[in-house]
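To start, the structure under review is shown below, and the notes come after it.
Bear in mind that the values in this text are calculations on the coordinates, not laboratory data. None of the values given here were measured: they were computed from a predicted structure. Positions of Cβ are backbone-derived with ideal geometry, glycine not excepted, and every protein chain shown enters the neighbour counts.
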Amino acid sequence: MTEPLVEIEKLERYFYENDSLFDRLLGRDPVAVKAVDGVTLDIASGETLGLVGESGCGKSTTGETVLRLQEPTGGTVRFDGQDIYELSGTQLAEFRRRAQIVFQDPFSSLDPRMTVADIVRQPLEIHDWPWDASADSDDRLPAERRRDRVRELIERVGLSTDQLERYPGEFSGGQRQRIAIARALALDPDFLVLDEPTSALDVSVQAQILNLLDELQTELGLTYLLISHDLSVIRHICDRVAVMYLGEIVEVGPAGAVFTAPKHPYTESLLESVPRANSAERTREITPLSGDVPSPRNPPSGCRFRTRCPKVIPPEDVDLDQHQYRDVMDLRQQIEAEAISEETIQAMSDDEASDVDVLAEQLLSVDLPADHLTYVREALRAVADDRYGAAADKLETRYGSVCERDNPGLAGRAHPVACHLYE
């Protein structure tokens, strides 16, 4: 591992709701949507770091904030030792030259009114390339050199110079992404953010683009931050992998270690969901994650994955297996969110125990030991009396987990993981 080219430390990017002048006049407090919340990563010169996670977890926002396409709420990003958020003028322009991006959708990232030659030449004109024509013996005019540079880039990404005067609408998705890559390479950058560069392409074309990016990295010494939700893409090209969930990094490690020996339960679930080509595994059982992804407006306390985690840690004196404990935790979440329907509660119009049993059968998917079932029934009786707070407090007192009290951080080890199972 060489010295880091990019150092991300406690990066935050929040978006605020109820933050207009009208809201302030009405006394409304802003609500933070925590898209990126405390991300810390290093990217070594010449390596490819894969950033993977479900859609909506903050991957693309992280990449755009690292490039200062969005301003951070907090934290720092150092590029080649310089804090990019302190740069201005010529220093900022130099950073823009050295750090580029390839966007996800080649059908919207290219201007349909510009020819291929104009698209690739535009960065050269904006940055006034060549910067110092007197520094070498080439006495051609800048316009001639730019024209030759465009032709060189188009051939380098596998297209023909005969296509330079054509428009993006005349190309396939894979060809458009090659044009976007040529544009990103125009200023000879050191660092590229690849934001889902193959997700909009056919499967047959994806491998061609990934192989092209791999060849360009070897040839030009590029450093990549590859953002993707596709684990097969990450495995194909990345040296290291960072797994992201709800704005936080939960695991970082060498690609081989993460794929063969994942540590975080979320990483395990992601890998388990990948289709297998081996016919011997066609009968394997896949346990889907329970619940929905929480809102970044109000993320869970402690470990953010604990509301869906299949390995959440119960208190020491709770003798339930994981399926039983997970079921009680899901019931707690429904009660805390007051998400039990009125129709369900109306079935408990009487004070008879049988009504509580009916409700327990409707809300629990597994059988509980008698002592735990009695405890849960008492909480459900409080729900029937419209005392949700009392019911939630009762269940929290008995079944509260360390996973909801403390937020585990990434420990300083070769394969860090943010999980209480490894503390």
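The table that follows gives values for the structure above.
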{"item": "Sequence-distant residues sharing a close amide H with Tyr16 (under 5 Å, placed H)", "result": "Val33"}
{"item": "Taking the range 11-56 and dividing mean pair separation by its residue count, relative contact order in percent (alpha carbons under 8 Å, at least six apart)", "result": "39 percent"}
{"item": "At R0 = 22 Å, FRET efficiency that the Cβ-Cβ distance of Asp214 and Ser45 yields, to 0.05", "result": "0.85"}
{"item": "The range 135-188: equivalent-ellipsoid semi-axes (sqrt of 5 x gyration tensor eigenvalues, Cα, Å)", "result": "24, 12, 8"}
{"item": "Whether the chain is rounded, prolate or oblate, judged on the alpha carbon gyration tensor where a/c under 1.5 counts as rounded", "result": "prolate"}
{"item": "Residue-wise HN-Hα coupling along the range 58-73, computed from phi with Karplus coefficients 6.51, -1.76, 1.60 (Hz; x: Gly, Pro)", "result": "x, 5, 5, 4, 4, x, 5, 6, 5, 8, 6, 6, 10, 7, x, 7"}
{"item": "Dipole-positive endmost among Val312, Ala200, Pro265 within the chain (Cβ charges, Cα centre)", "result": "Ala200"}
{"item": "Positive-pole candidate from Gln175, Ser365, Ala255, dipole of the chain, charges at beta carbon", "result": "Gln175"}
{"item": "Measure of compaction for the range 1-160 (Cα Rg per 2.2 N^0.38 Å)", "result": "1.32"}
{"item": "Leading residue at positive end of dipole, the chain (Cβ point charges), from Pro142, Val328, Phe107", "result": "Pro142"}
{"item": "5 angstrom amide H check on Val250, placed H, neighbours 5+ away", "result": "Val243, Met244, Tyr245"}
{"item": "Sites Asp319 and Glu268, calculated FRET efficiency, Cβ-Cβ separation with R0 35 Å, nearest 0.05", "result": "0.90"}
{"item": "Among Ile84, Ile43, Ile126, residue whose mean-square fluctuation peaks in a GNM of the chain (springs only between Cα atoms under 10 Å)", "result": "Ile126"}
{"item": "In nm, spacing of pseudo-spin labels at Gln163 and Asp19 (7 Å Cα→C-beta vector)", "result": "4.2 nm"}
{"item": "The range 181-325: equivalent-ellipsoid semi-axes (sqrt of 5 x gyration tensor eigenvalues, Cα, Å)", "result": "35, 19, 13"}
{"item": "Computed lengthening from Asp83 to Arg377, 0.36 nm per intervening residue step minus Cα-Cα distance", "result": "100.2 nm"}
{"item": "The chain - charge dipole about Cα centre, Lys and Arg +1 at Cβ, Asp and Glu -1, debye rounded to 20", "result": "1260 debye"}
{"item": "Inter-label distance, nm, simple model (7 Å from Cα along the C-beta direction), Tyr422/Ala261", "result": "1.1 nm"}
{"item": "Nearest-0.05 FRET efficiency for Glu9 and Thr90, computed from C-beta distance (R0 22 Å)", "result": "0.30"}
{"item": "Fluctuation leader among Tyr85, Tyr16, Tyr167 - the chain, Gaussian network, Cα springs under 10 angstrom", "result": "Tyr16"}
{"item": "Charge sum, other residues only, whose C-beta stays under 10 Å from Gln70's C-beta, Lys/Arg counted +1 and Asp/Glu -1", "result": "0"}
